[in-house]
Amino acid sequence: MKKLYLIGNMKMNMSIAELEPYFENITTIASQSSNVVGVCVPYVYLDMAQGMLNGSKVLYGAQNMHFQDSGAYTGEISANMLEDFGCDLVVLGHSERRAYFHESDEEINLKVKKALEKGITPILCFGETLEEREGSMAHSVVERQIVGALADLGEEDVSRIIFAYEPVWAIGTGVSATSEQAEEMISFAKRLIADEFGVNNSIMLYGGSLKPSNAEDILSKPSIDGGLIGGACLKLQDFEQLINTKVE
Ligand code: PGA
């Protein structure tokens, strides 16, 4: 049986009232699964995540961070602060941050380096837009994003990153990539990381409208190690089904 990584990205959703039963139940669900389970929550719920998930099998973390340790960056959160709350994970370079907050590959590279320095596992997202795919630019965009985000990093550092291929056209649209499209791009990205950085066994997730009905098909593909799950992680019943996915 393949050990899968099922990591929820809650985005700007949930409330204290909703998270209380959610965290309580997910620890039980995760304890009964042989897969790796994680949740990336809004910053303001990290305290609660630490209180309720610490010591359980559920990894937790944030959805972004700044690359500076401290300073005059109104509204930002540093890796030191995430460390204070015991974060295991931080999502970096999500397409929503690239598109709406204009994050560049250079900035994402600084964030990846800072997270690694602090011992927080980056979940590094990459993926092309529909326009880029239709213009046959998907592979060059993915290559630019990966090489840019990993600039100056060596084999040991790169081996500590979890990657997530998230085609922008599949995120939150209900239309996932086909399992063949996801496998093709993920195996391309894995080859690139092996060639450029000497890491042959990188962990790579698929994200973009992953849900119980398409999980088995997508997650059974040989290069795909799990899923980064947005919408479907908000309903614990759906997330539970995803967490319980078993593939060879
Ligand atoms: P989705 O989001 O599952 O709602 O498509 C995935 C993501 O953006 O991480």
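The number of residues in region 221-248 that are under 13 Å from the mean Cα position of the chain (by Cα) and closer than 23 Å to residue 15 by Cβ comes to 4. Within region 118-132, the set of residues being more than 16 Å from the ligand (Cβ to nearest atom) and at positive phi comprises 119 only. Selection of region 76-107 for residues being among the polar types (S, T, N, Q) and surrounded by 19 or more Cβ atoms within 10 Å (Cβ to Cβ) yields only 95.
The one condition from (1) crowded, with 18+ Cβ neighbours inside 10 Å; (2) at pLDDT 95 or above that residue 213 does not meet is (1).
Taking the stated definitions as given, is residue 144 buried (at least 16 other Cβ atoms within 10 Å of the Cβ) and over 17 Å from the mean Cα position of the chain (by Cα)? No; evaluated as a whole, the condition is false for this residue.
Applying the set (1) under 13 Å from the mean Cα position of the chain (by Cα); (2) at pLDDT 95 or above; (3) more than 30 Å from residue 70 (Cβ to Cβ) to residue 181 leaves exactly one unmet item: (1).
Do we have any residue at all in region 160-169 that's over 18 Å from the mean Cα position of the chain (by Cα) and of a type in the set (D, E, K, R)? Looking for residues that are over 18 Å from the mean Cα position of the chain (by Cα) and of a type in the set (D, E, K, R), one finds none in region 160-169, hence no.
Being within 17 Å of the chain's Cα centre (by Cα), farther than 18 Å from residue 198 by Cα and either at pLDDT 95 or above or not acidic (Asp, Glu) (or both), is that true of even one residue in region 133-140? So far as region 133-140 goes, no, none of its residues is within 17 Å of the chain's Cα centre (by Cα), farther than 18 Å from residue 198 by Cα and either at pLDDT 95 or above or not acidic (Asp, Glu) (or both).
Quick check on region 42-58. Is at least one of its residues of a type in the set (Lys, Arg), within 22 Å of residue 116 (Cα to Cα) and more than 16 Å from the ligand (Cβ to nearest atom)? Checked against the condition, which is being of a type in the set (Lys, Arg), within 22 Å of residue 116 (Cα to Cα) and more than 16 Å from the ligand (Cβ to nearest atom), region 42-58 yields at least one hit.
The values are calculated or read from the model by the stated rules, or taken from the named source; none is laboratory data. These figures come from a predicted structure and were not determined experimentally. Note: ideal-geometry Cβ built from the backbone for every residue, glycine included; neighbour counts use all protein chains shown.
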